[in-house]
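Accompanying notes for the structure given below.
The values are calculated or read from the model by the stated rules, or taken from the named source; none is laboratory data. No experiment lies behind these values; they were computed from the predicted model shown. Glycine also receives a Cβ, built like all others from the backbone with ideal geometry; neighbour counts cover every protein chain displayed.
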Amino acid sequence: MPSRALTAGILVALLSVAILLALDRIYASKAATTVPAASTTATSSQQEIHGRIVVILGTESCPHCRAMEAFFREELPGRAYFCEITEKGSSCEAAFGLLVSKRVTMAVPTMVVCDTDRRVVEGIIIGEFRDAKWWRNVLENGLPGGNETSIPVYMVDRVTGAMEVEPRAMEKLYSVLCNATLADAKPLG
């Protein structure tokens with residue numbers, strides 16, 4: 001009879017393989033960084049995104065996620081996208097699953113700061129944090145401490161760790177967390 005630790009290890013390995021296969025499928029099918037225009041009037045046109053954006057990985061039922069959604073819509077319109085992680089088979093579910101499998105987060109909201117010009121993930125912020133001055137600074141100047149192999153992880157506004165990235169893997173990580181999620185996310189603003 002296998003031990004509980006062995007059984008848990010096998011389950012984690014199987015889940016990791018499933019997530020990686022899903023991510024490869026998403027990465028292959030979503031290569032362009034275009035989303036519906038984030039203007040205040042509905043439009044079917046597509047526009048390319050430039051600069052830093054925030055992808056909020058969360059659920060509509062989470063009060064903290066709804067608070068961050070409202071915050072970005074009101075304070076920083078057009079700079080954030082809400083990504084519902086409970087949609088089965090969505091890029092949002094896959095992105096959150098990747099962060100869970102890497103033991104970065106298990107909480108929502110989890111916000112990913114993406115630099116669309118450099119195509120890098122600049123940081124991951126976990127938890128509700130509605131400080132407009134802090135977020136404006138992040139969107140204008142970026143988050144300190146990150147590079148091509150390490151992404152700072154914040155609990156609200158404090159660095160609590162880092163997500164290590166394999167050398168030359170940032171492009172693929174950016175594609176999963178920032179680029180592919182935009183196909184399923186709704187623009188805020």
Any hit, segment 165-176, residues being outside any loop (DSSP other than H, G, I, E, B), within 25 Å of R73 (Cα to Cα) and touching a helix residue (DSSP H, G or I) at 6+ places or on another chain (Cβ under 7 Å): yes
Among the residues listed as C114, C92, the single one being closer than 15 Å to R52 by Cβ and under 13 Å from the mean Cα position of the chain (by Cα): C114
Pairs where the first residue, in segment 131-158, is part of a helix (DSSP H, G or I) and the second is at pLDDT below 95 and surrounded by fewer than 13 Cβ atoms within 10 Å (Cβ to Cβ), C-beta under 7 Å, 6+ apart: W134/D157
Checking M68 against (1) assigned to a helix (DSSP H, G or I); (2) surrounded by fewer than 24 Cβ atoms within 10 Å (Cβ to Cβ), the condition it does not meet: (2)
Output for segment 75-102, where each listed residue is without any contact (Cβ under 8 Å) to a residue 40 or more places away in the chain and in contact with a strand residue (DSSP E or B) (Cβ under 9 Å, 6 or more places away or on another chain): I85, E93, F96
Yes/no for T86 being part of a loop (DSSP other than H, G, I, E, B) and in contact with a Cys (Cβ under 9 Å, 6 or more places away or on another chain): yes
Qualifying residues in segment 132-164 (those that are at pLDDT below 95 and among the hydrophobic types (A, V, I, L, M, F, W, C)) - the one nearest to M106 (Cα to Cα): V156
Whichever residue in segment 63-85 is of a type in the set (D, E, K, R) and within 14 Å of E128 (Cα to Cα) and, among such residues, is nearest to the chain's Cα centre (by Cα): E69
Among the candidates V100, V112, residue that is farther than 15 Å from H64 by Cα and either basic (K, R) or assigned to a strand (DSSP E or B) (or both): V112
